[in-house]
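In what follows, a structure is listed as structure tokens, so that the remarks can point back to it.
Coordinate-derived values only; no laboratory data. This structure is a prediction, so every number in the text was calculated from the model and none was measured. Using ideal geometry, Cβ is built from the backbone for each residue, glycine included, and neighbour counts are taken over all protein chains shown.
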């Protein structure tokens, strides 16, 4: 299987934060969904922004579909990377309609694309609405199909579920997984909530203080753990789940 | 939309500005053919406009007027060099005409009419510039409180009897600088400095305001005598403001130094620029302004004295009486201006 | 740091060059002053040091102190009252308190002499109703402080009022619940919280005071700016004028540093909760406040606005027949055209610098912003002198090397003047627009890049439309400042350009102060119009550039 993304030794420091990301290395197969999990400040957003080309690494290399997009001598600008990114606050253009937002990056086939995508998220009637009139869930859906309109190879989502209330969360999680699998796009999403990862991800990366603690498939997640911290995380997870079950029974 | 419109407006403006400023490349060719003259003038008396209009009517020569500060005009002529469209330069004091001459911006004019119309001490010896109107810097005094017998010369103003009684404007003004320059020329630097210091001792108040404000100060009882240019008195008496009229009528004119060299005068004058594209017309213009009839209007409108002896001063000026004027060559005023400024600073004349 | 050098080749792009080039080009006058210092002092320098330097320093400092106190009092008291109390005509009064800024300070100076000098109109009136008052001497440093303060206090008023309004009710109500009286709340909470804004307003006042030429000249006070003019013209010593300019710049930077230190790095941004808009924050006036507070508000309005306008109107009526003519109209047109054109250029330059700087990846390039926007704190006279001196060098260079006479470009066209305006007022547009681009955040632009748009396309399709409101209000602010400008325009305007400000000054300087009134009133009227547009624009446009009502199926 092809690797959609390969990262070697990626590091980045900011003025305010040394080693926001520290020598990260991982890769992912095409067509998979990967969850990057960690607390705030662990470097998740930095990683995503580096992949998208919105930041420049201090050292390390990023390859997308086998092509180097970032290293010490060159940086491919975001426009050329065929990567889609949905921000935490969705960043819909407030002065454009939903349809205009969706077709923003398109040069041809605008009408058909809008129709198709709005059907996909069941918002056919909202073509001429403005973002301020949409609910959070609706905005998020529009933001996602806006990036899908360009058929990106890789879709990046920054905390896509944190702004939503619980019921909507699980519904949308599944919806996104379906859409992405159907289209065949690879996806990496950030979350601080392990449950999101467990629900829909194929693989999981645990980040802490800029370094990768663990990188595995979901099924292998609790097996062969060498790291104490990871052990603790998993056992906390299990005991919380148990408590929940007990309370409900 | 608005942006595009503004852009067009601005480019248009820029274009128009540049065009006016650009040297007239064809100026040399249609020197005689287009009938016009370009006048760089510091005078901004609205009455001049009527006279220019009359000149246009009588001769068919159009008068283009560029008004600015004399220093700016001189600088402009300097930078334009031989491309300058200026035919004539008019200033309101002799010093700047001298400066223009020294910078090589004017040319010699030989005109019998001008030589005859304008007395020698009111024009440049080499014919670079000519006085057009004359004003005297005189002492005006409170009619009720001062006797003319007490007044004599500028120099006598340092006497202790004038303590706290003299009202005069700041040293920053060119008219005071010219007055002090004339005193330096006549009495020498040392005495001039003593004079200035003495006058400062006798200030009724720290110099404030302009010449007319000094006369208003006499009306208010702040002082008893003031030193002003004659035409300001004319302006006061003919003002629309009732207080100014009262002030003007509260004082009388005294011409100092009648027993020796005469009262200090200055001129508003004109010169033909060195690279004037329309020299002939320019000379015609000066001769026009120096002619008896025009002199009378030109001078009277601003309450000034004509330079042409055959022209009669206005009734108001006549009422002040005839006076002997200091025939010091006016070029001296320009030469000594900077020294005057230095002395003013040294004696702390504000 | 090591990373930066390693990545220089990768990270440097065209935007870095453009930003540096434009920024440095704009800032040439400052470099000019510094470079020409190396030519040595002029011949009159000794003379100046002996007789004037102490005066300049003392007077300038005293002016700053005096205007500081008076504007502090006027600005804060009025801001407090209109923010916290309601009374008839409050909205009108709130707006009127901005208007004194529409009257250039030198014009206020002329007006006051007309009111209170010998035979002044106000004096005459008071005498006629029985007061035995002779005159009030305005032409001294106290008069200057008075005039400048009443003309400039709106700077303190505006910034303080904005802050007072942004204080949520919850803070005030908490203070009351904890037992604080009104007065205690004011002195222990509101005032300290507002201090950065107050200092910001005072800073603007100080810069204007140091920049003033017309008022100080008319009142006969020796300040640095009048000294610079005098040294250049009367003492004919450009070189010494440059030295004086350098000294003044040093003073300005000292004040700037002092202000920054006072303001500190504290940010008093208070989180505004959802409830702040529902309760009416204003109380009504009762008790003695009913009389005292309106009186307090009346002071700045009467002395800063009504009296000067009244005097100017009186003079304008006196001189109507001579002054109301085509020439006045033409001058007004010129003034407005130049201001529009220059404001346009300033806006373009600001936008270019802001965005080019954003698009470049070298952090060091960002300091260019400080260099390019420095013009606002440098008095106009100094900029004028710096440019004159640089122009001489450039003209001589072209004349000697290429035998080209390019003098007319400098003296005959508005190019240089507009360039000088750009340098002087860039900050006025740059700062608010930059602040708003920061508020917009980077995510919108980044989304656009990820959707395939180039930086320039994003600029035009996303960023500029969203900044429309800010851009327009920046334009108006710059326009107003240019229209009022005097010292810089006096030095650099081409001979064939006349502005309302300069015309008014020339009349006053030529002892025809009554004739200055009509051009002054036209100027004030135009500015007031622009201020009304600003006000209207701020209310109408939401920050997204579209009207509030939207469609929704």
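Exposure proxy for C:449, A:195, C:125: other Cβ atoms within 10 Å of each Cβ, ordered fewest to most, give C:125, A:195, C:449.
From the Cα gyration tensor of region C:196-244, with a ≥ b ≥ c the square roots of its eigenvalues, which class applies: rounded if a/c is under 1.5, or else prolate if a/b is larger than b/c, or else oblate? It comes out oblate by the Cα gyration axes. Using 14 Å as the cut-off for backbone N distance, which residues of region B:40-65 belong to the label zone defined by a point 7 Å from the Cα of residue B:113 along Cα→Cβ? Once the point is set 7 Å along Cα→Cβ of residue B:113, B:55-56, B:58-61 turn out to lie under 14 Å by backbone N, inside region B:40-65. For the pair region C:374-446 and region A:83-105, the centres of their Cα atoms are 39 angstrom apart.
Extension gain for residue B:237-residue B:206 works out to 8.6 nm (0.36 nm per residue, less the C-alpha to C-alpha distance). As a rough footprinting exposure proxy, the listed residues C:146, C:261 were ranked by other beta carbons within 10 Å of their own, and the order from fewest upward is C:261, C:146. Ranked by how many other Cβ atoms sit within 10 Å of their own Cβ, fewest first, the residues C:165, B:246 fall in the order C:165, B:246.
The distance from the alpha carbon centre of region B:91-138 to that of region C:181-247 is 43 Å, rounded to a whole number. Shielding by partners for peptide C:436-447, expressed as the average number of C-beta atoms from other protein chains within 10 Å of each residue's C-beta, is 4. For chain C, a/c is not less than 1.5, where a ≥ b ≥ c are the root eigenvalues of the C-alpha gyration tensor, and a/b does not top b/c. That puts it in the oblate class.
Note: relative contact order over chain A, using C-alpha pairs below 8 Å and six or more positions apart, is 25 percent. Computed from the C-beta positions of residue C:329 and residue C:129, the FRET efficiency with R₀ = 25 Å rounds to 0.05. For the protein assembly as shown, the convex hull spanned by the alpha carbon atoms encloses 220 Å³ per residue. Rounded to the nearest angstrom and listed largest first, the equivalent-ellipsoid semi-axes of region B:99-156 from its Cα gyration tensor are 37, 14, 9. Over region A:127-172, the alpha carbon radius of gyration divided by the compact-protein estimate 2.2 N^0.38 Å works out to 1.23. The calculated Kirkwood hydrodynamic radius for chain B is 21.6 Å, given to one decimal from all distinct C-alpha pairs. Once the chain from residue C:306 to residue C:510 is taken as fully extended at 0.36 nm per residue, the excess over their C-alpha distance is 70.9 nm.
Report the calculated FRET efficiency for residue A:107 and residue A:27 (r = Cβ-Cβ distance, R0 = 35 Å), to the nearest 0.05. Efficiency, from the Cβ-Cβ distance: 0.60. Counts of other chain beta carbons within 10 angstrom of each beta carbon in peptide B:340-347 average 3. Here, region A:1-114 is characterised by an Rg to Rh ratio of 1.01, where Rg is the alpha-carbon radius of gyration and Rh the Kirkwood radius. Here's the picture: a label point sits 7 Å out from the Cα of residue B:159 along the beta-carbon direction, and within region B:196-213 the residues with their amide nitrogen under 15 Å of it are B:199, B:202. Relative contact order for chain B: 27 percent, from Cα pairs under 8 Å spaced at least 6 residues apart, divided by residue count. Counting only alpha carbon atoms, the long axis of helix B:189-201 and the longest principal axis of chain B meet at about 70°.
Spin-label model, residue A:222/residue C:284: points 7 Å from Cα along the beta carbon direction are separated by 6.9 nm.
Pairs of Cα atoms nearer than 8 Å and 6+ residues apart set the relative contact order; for chain C it is 22 percent. Cα centroid separation, region C:62-137 to region C:484-516: 24 Å.
Scattering from region C:20-123 was approximated by placing one identical point on each alpha carbon and applying the Debye formula without solvent; log10 I(q)/I(0) at 0.17, 0.22, 0.24, 0.25 1/Å stands at -1.07, -1.17, -1.21, -1.22.
Label point 7 Å out from residue B:342 along Cα-to-Cβ: which residues of region C:39-72 have amide N under 16 Å? Residues C:42-52 fall inside that zone. The mean of 1/r over all pairs of different alpha-carbon atoms in region A:3-218, once inverted, gives a Kirkwood hydrodynamic radius of 17.6 Å. Take each residue in C:115-128, count the other chain C-beta atoms within 10 Å of its C-beta, and the mean is 3. Given their separation in residues at 0.36 nm each and the Cα-Cα distance between them, residue C:49 and residue C:171 gain 38.5 nm when the chain is fully extended.
A Förster radius of 56 Å combined with the Cβ-Cβ distance from residue B:170 to residue A:13 puts the calculated FRET efficiency at roughly 0.30. Please state the shape class of region C:300-373: rounded when a/c is under 1.5, otherwise prolate if a/b exceeds b/c and oblate if not, all from the C-alpha gyration tensor. Oblate shape, in that a/c is at least 1.5 and b/c is the bigger or equal ratio.
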